[in-house]
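Visitor: Take a look at the following structure, please.
What follows draws every value from the coordinates through simple rules; no lab data is involved. Nothing here was measured: the structure is a model prediction, and the numbers come from that model. So basically every Cβ, Gly included, is an ideal-geometry build from the backbone, and we count neighbours across all protein chains shown.
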Amino acid sequence: MTTRLLSRLIIGITILGLTAALLFDGSVSSAAAGKGGTAPSGPTNLVVTNITETTVSLTWKASTAKSGFSYKVRIQKLNSSYNTLATVSQTQTSYTANYLSPDTDYTFVVYAVDGSGNKSADSNIASGHTLKDLTPPSTPVLQAGVLGPSQVQLTWTKSTDNVANNCCVYSFNMNGGVITQNINWTTAPADKLSVIIRHLQPGSTNSFSVSVGDYTGGNVATSNTVNATMPPSSDTIPPSVPTNLHLVQDNSCGEVFIGWTQSSDAVDSQDKIEYEIYVNGVLSPLPVSAGVDFDFVYATAFGDNIFTVKAVDRSGNSSAASSPLKLFLWPC
């Protein structure tokens with residue numbers, strides 16, 4: 001009796017083990033089927049066919065598969081974390097990578113992926129070094145307009161560059177040398193840029209040009225040269241000093257409006273007197289306004305910022321600086 005029960009127990013355990021094995025084997029087969037079967041074959045013979053400053057063109061031999069698939073092109077910038085993935089249709093065996101950095105090493109790999117997510121083996125690795133950018137931006141076309149005894153407005157056509165998002169840095173030349181002071185940007189038509197050169201000598205004749213460079217550095221184009229003759233002026237007396245410098249409005253992120261009591265001048269009316277705002281001792285590059293008792297300006301330091309204002313008449317005579325205004329600001 002005991003032997004018969006023991007035999008039945010052994011048989012039961014054996015059947016249970018076989019059933020579990022069959023169930024486990026069925027689950028594995030089901031998971032494999034869920035992957036969609038066989039992956040596409042790997043693309044081969046990946047080669048670089050053309051290189052420019054910002055592009056690399058590739059071709060490869062096609063993959064094969066029992067169902068539809070697409071290609072993935074992996075683009076790796078050497079010595080960098082830059083890594084991007086482009087998708088190419090099944091019918092296409094070429095691709096051009098755009099918006100690359102000039103004079104830079106890249107590697108490329110292609111693989112195929114079907115609709116079920118089955119991935120082929122990678123192709124061979126292809127390498128390419130983009131060309132160095134040696135092309136300057138387009139040359140500006142410059143015009144000059146005399147605004148008064150001490151000011152000239154320079155207006156020029158916007159430049160473009162052969163490399164996207166790589167332009168532009170402008171600099172200004174007067175009488176053959178670079179100028180960096182008393183330059184204020186002003187409004188211009190949509191296809192142009194403009195600055196006002198201030199504090200020129202009344203009665204003088206000056207030549208101007210604009211140079212433009214790209215962000216690569218070293219590629220510079222210079223505009224035509226224009227001449228401007230300033231009207232003479234006998235006015236040598238500066239306006240009175242602006243007073244009561246104060247905060248009008250704080251827009252946060254270091255953007256403020258400051259106000260003052262307007263100056264007077266022996267020759268020019270108040271609506272002709274301009275006001276230069278200095279931030280931590282440096283003239284703000286924002287447009288200079290005339291006949292106003294407040295204006296907008298940016299802070300340039302994290303924490304304490306010192307603002308002063310000078311009044312300037314049409315002949316370029318500057319008042320002494322106002323009393324300073326100290327504001328604790330935090331540029332964003």
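Visitor: In the chain, what % of DSSP beta bridges are antiparallel (nearest 5)?
Guide: Antiparallel: roughly 100 percent of the beta bridges in the chain.
Visitor: So, one more: With Cβ to Cβ distances under 14 Å as the rule, what net charge do the other residues near Ser269 carry (K, R +1; D, E -1)?
Guide: Residues close to Ser269 contribute a combined charge of -4.
Visitor: Could you work out, for the chain, what percent of all Cα-Cα pairs fall into each 20 Å distance bin, beginning at 0 Å and stopping at the bin that holds the largest distance?
Guide: The percentages, shortest bin first, are 21, 31, 22, 16, 6, 3, 0.
Visitor: Run the numbers on the chain and let me know its relative contact order in percent, using alpha-carbon pairs under 8 Å that are six or more apart.
Guide: About 12 percent, as a whole number.
Visitor: Taking each pair of different alpha-carbon atoms in region 44-129 once, compute 1/r for the pair, average those values, and report the inverse of that mean as the Kirkwood hydrodynamic radius in Å to one decimal. Write down the numbers at each step before the final one.
Guide: Working: mean 1/r = 0.0759 Å⁻¹.
With all distinct Cα pairs of region 44-129 included, I get 13.2 Å.
Visitor: What is region 95-171's relative contact order, in percent, from Cα pairs under 8 angstrom and six or more apart in sequence?
Guide: Reported relative contact order: 23 percent.
Visitor: For region 243-329, what number results from the quotient of the Cα radius of gyration and 2.2 N^0.38 Å?
Guide: The value comes to 1.04.
Visitor: Determine the sum of side-chain charges near Gly259: Lys and Arg each +1, Asp and Glu each -1, restricted to other residues whose C-beta is under 13 angstrom from that of Gly259.
Guide: My count for the surroundings of Gly259 gives -3.
Visitor: Further, regarding this structure: Taking the Cα centre of region 38-153 as origin, work out the dipole magnitude from +1 charges on Lys and Arg Cβ and -1 charges on Asp and Glu Cβ, in debye rounded to 20.
Guide: Here the size comes out at about 360 debye.
Visitor: Mind checking which lysines have their C-alpha under 27 Å from Lys132, skipping anything on the same chain fewer than 8 residues away?
Guide: Output for Lys132: Lys77, Lys158.
Visitor: In the neighborhood of Lys158, defined by Cβ-to-Cβ distances under 12 Å, what is the net charge if each Lys or Arg adds +1 and each Asp or Glu adds -1?
Guide: Residues close to Lys158 contribute a combined charge of -1.
Visitor: Once both axes come from the Cα atoms, what is the angle between helix 2-34 and the longest principal axis of the chain, in degrees from 0 to 90, rounded to 10?
Guide: With rounding to tens, the tilt is 40 degrees.
Visitor: Rank these for me by crowding, Phe294, Phe307, Phe328, going from fewest to most other beta carbons within 10 Å. If you can, show how the numbers build up before the last one.
Guide: Numbers: Phe294 15, Phe307 24, Phe328 10.
The fewest-first ordering by Cβ neighbours comes to Phe328, Phe294, Phe307.
Visitor: Please work out the FRET efficiency for the pair Glu255 and Val146, using the Cβ-Cβ distance as r and a Förster radius of 30 Å; give the result to the nearest 0.05.
Guide: For R0 = 30 Å, the calculated efficiency reads 0.35.
Visitor: When the helix-only estimate is applied to the chain (DSSP H runs of n ≥ 4, each -39,500 (n - 2.57), divided by the residue count), what is the mean residue ellipticity at 222 nm, nearest 500 deg cm²/dmol?
Guide: Working: 1 runs with 33 residues, N = 332.
When only DSSP H runs of four or more count, the value is -3500 deg cm²/dmol.
Visitor: Return the ratio Rg/(2.2 N^0.38 Å) for region 121-213, where Rg is computed over Cα atoms only.
Guide: Taking the Cα Rg and dividing by 2.2 N^0.38 Å, one obtains 1.56.
Visitor: Over region 243-329, what relative contact order in percent results from Cα pairs under 8 Å that are six or more residues apart? Could the numbers behind the result be given before it?
Guide: On the way: 188 pairs, mean separation 26.6, N = 87.
Worked out over region 243-329, it gives 31 percent.
Visitor: Once R0 is set to 22 Å, what does the formula 1/(1 + (r/R0)^6) return for the Cβ-Cβ distance between Thr49 and Thr139, expressed as a FRET efficiency to the nearest 0.05?
Guide: Computed FRET efficiency for Thr49 and Thr139: 0.10.
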